[in-house]
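This report concerns only the one structure given below.
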Amino acid sequence: MSEYKFQRDAIETFRFVRCGFDPATGVAQLVYAFDDGPELVETVILPGAPFPDAGADPARAAAAERALRLLHLIAGVSYYKAAVPRRIRIDGYSIDVDTARLLESIYVNGLGEFAYRNGLDLHGRIRFPHEPGDAMPAPAPGLREHALVAIGGGKDSLVSIEALRSMGVAQTVSWIGGSQLIRACAERTGLPTLNIGRALAPELFELNRQGAWNGHIPVTAVNSAILVLAAILNGVDQVVFSNERSASYGSLILADDGSVTSEVNHQWSKGWAFEKAFGEHVERHVAAGLHYYSLLRPLSELAVARQFAKSDRYDGHFSSCNRNFHILGERPANRWCGVCPKCHFVFLALAPFMPKPRLVGIFGRNLLDDPDQMDGYDALLEFRDHKPFECVGEGRESRAAMAALATRAEWRGDALVERFAREIEPQLDRAGLALAPLLVPDDEHRIPRALAERLDAYFRA
Ligand SMILES: CC(=O)N[C@H]1[C@@H](OP(=O)(O)OP(=O)(O)OC[C@H]2O[C@@H](n3ccc(=O)[nH]c3=O)[C@H](O)[C@@H]2O)O[C@H](CO)[C@@H](O)[C@@H]1O[C@H](C)C(=O)N[C@@H](C)C(=O)N[C@@H](CCC(=O)O)C(=O)O
Ligand SMILES: Nc1ncnc2c1ncn2[C@@H]1O[C@H](COP(=O)(O)OP(=O)(O)OP(=O)(O)O)[C@@H](O)[C@H]1O
């Protein structure tokens, strides 16, 4: 690699070279290349090996192979983005038209922020080669009733884990990567855990140094595909994420005259369109009877925050600040950097539902009484700016939370709440500022029916 000269704009083809899984060691290798350049090898390590059924049971083996290929195809997005060449080639296996369409949607939409920031237009550029004809129906590996629940170290997955515990659903708390913060939260649940290793091809960092295109990728899609493979290997029938309905709404990009030119969703693979397309694809083409769904899809960010505030069990362990999760680089000293959009939003979203001393204790400071955070909060409120490219709630949620705080004696004197009431609120339609309508659960979700009915009552309590 050291002698390889990466000439981004001269690259013609991105290649899916091969993928393999060794049931004896639990190691999966995902291999890619640009043109005839060096191989880029991503590694995923699934604990619990050996997996004898993944080799011996024909339905399990077939489902595992399909899940592995889907992971290979989705995880390729990290490498494809480095040069965004016009041609894609898949060596060693072929895909059908449904799979090709799913991948095109994941690449184009999941790289939406990447494309916007780099001034690229990916529409019509990303075409996955496919064979004519329909896909073979999914094998039915006979999975037992059990949930692998993704945990990300923040409030959302902890809300799901506690909800499932209350419903008596057997679960294993599962995460990808080496984050100590996630491990601490997972251990705090007291439930069985599964920590999956993942190492990006190290050459990607060298490509970045040599001028690769860089930017955000749909990481939730990659994590989802990893957990689908893990579920099949472990013989369980559910993969549960904690993506709220607010994640389906992007940032509106405005022209100078204030008109909307486009919508870019940083968290597209946390949204409903991804969940629906991916979940249906898994059931139809990967493993019949494997349910992929988000337990929090009916809820807004504010409703999730309200739910989280009901227990203080994780106050000393959780963090939603993404600065904890860099592969390289610094992390915040006390779990909350206090200056990023996620810190801003989570502080604001929890404030209407938590006693003030508890919230200030979690963050170690009062972000709403710090004038230096004004621009950050203006972006959340969509006041003279667009919603940040981050996992934060809708502008109307931030405005409703701020309006609620402006009526409360304990908050209304704080610098940014006071400024909202004086300068911003008078320009807004009061009808849009009510908190209560934003807390009502929605009915668009993929939660299995029997569970959904009980959950609805749990979330409304
Ligand atoms: C931790 C974080 O927020 N990282 C984003 C940041 O990357 P940065 O360069 O500052 O640090 P690293 O994360 O260490 O990444 C190094 C390079 O590796 C690339 N890369 C990383 C993971 C991966 O799966 N594939 C990759 O190609 C990455 O692009 C860097 O070149 O800025 C990047 C550019 O905007 C973001 O892509 C990094 O985001 C990570 C992929 C990440 O894991 N972020 C999650 C914390 C995150 O954003 N979660 C979303 C979920 C939405 C979604 O599914 O899209 C959220 O909370 O909104
Ligand atoms: N490293 C990871 N491994 C597995 N799943 C993850 C990982 N990081 C995030 N997730 C999952 O991805 C989804 C989106 O992550 P997100 O950061 O929004 O959730 P969170 O960490 O639970 O809460 P918060 O929004 O407060 O940060 C959640 O279901 C989360 O569990």
Exercise. Report those strands (runs of 3 or more DSSP E) wholly inside region 1-105 carrying at least 2 residues which are surrounded by fewer than 19 Cβ atoms within 10 Å (Cβ to Cβ) and not aliphatic (A, V, I, L, M).
Key: 13-22, 87-90
Quiz item: Scanning for something aliphatic (A, V, I, L, M) and surrounded by fewer than 24 Cβ atoms within 10 Å (Cβ to Cβ), does region 293-306 turn up at least one residue?
Solution: no
Quiz prompt | Residues of region 393-438 satisfying the condition of being outside any helix (DSSP H, G or I) and polar (S, T, N, Q) | solution = T407
Quiz item: Is region 132-153 home to any residue that is in contact with a Cys (Cβ under 7 Å, 6 or more places away or on another chain) and within 16 Å of ligand 2 (Cβ to nearest atom)?
Solution: yes
Quiz item: Is at least one residue of region 199-216 near ligand 2 (Cβ under 10 Å from one of its atoms) and open to solvent by 40 Å² or more (accessible area, probe 1.4 Å)?
Solution: no
Practice problem: Identify the residue in region 292-314 that is more than 19 Å from the chain's Cα centre (by Cα) and within 13 Å of ligand 2 (Cβ to nearest atom) and, among all such residues, is farthest from V222 (Cα to Cα). | Solution: A309
Quiz item: Does R297 count as among the charged types (D, E, K, R) and in contact (Cβ under 8 Å) with a residue 40 or more places away in the chain?
Solution: yes
Quiz item: Do the conditions hold for A379, that is, is it surrounded by 19 or more Cβ atoms within 10 Å (Cβ to Cβ) and in contact with an Asp or Glu (Cβ under 7 Å, 6 or more places away or on another chain)?
Solution: yes
Quiz prompt | Hits in region 233-265 (condition: at pLDDT below 95, assigned to a loop (DSSP other than H, G, I, E, B) and within 16 Å of ligand 2 (Cβ to nearest atom)) | solution = E244, Y249, G250, N265
Self-check item: helices (runs of 4 or more DSSP H) contained in region 266-385 and holding at least 1 residues assigned by TED's automatic domain parsing to the domain that holds L143
Solution: 272-281
Self-check item: Number of the exception - Q171 against (1) within 16 Å of ligand 2 (Cβ to nearest atom); (2) of a type in the set (S, T, N, Q); (3) in contact with a Phe, Trp or Tyr (Cβ under 6 Å, 6 or more places away or on another chain)
Solution: (3)
Quiz item: In this structure, is T189 surrounded by fewer than 22 Cβ atoms within 10 Å (Cβ to Cβ), hydroxyl-bearing (S, T, Y), over 28 Å from R446 (Cα atoms) and out of contact with any Phe, Trp or Tyr (no Cβ under 6 Å at 6 or more places or on another chain)?
Solution: no
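The values are calculated or read from the model by the stated rules, or taken from the named source; none is laboratory data. Source: prediction; values computed, not measured. Heads up, the Cβs are rebuilt from the backbone with ideal geometry, glycines too, and the neighbour counts pull from every protein chain shown. Ligands, DNA and RNA are excluded from the accessible area calculation, which covers all protein heavy atoms including side chains. Shrake-Rupley method; radii C 1.70, N 1.55, O 1.52, S 1.80 Å.
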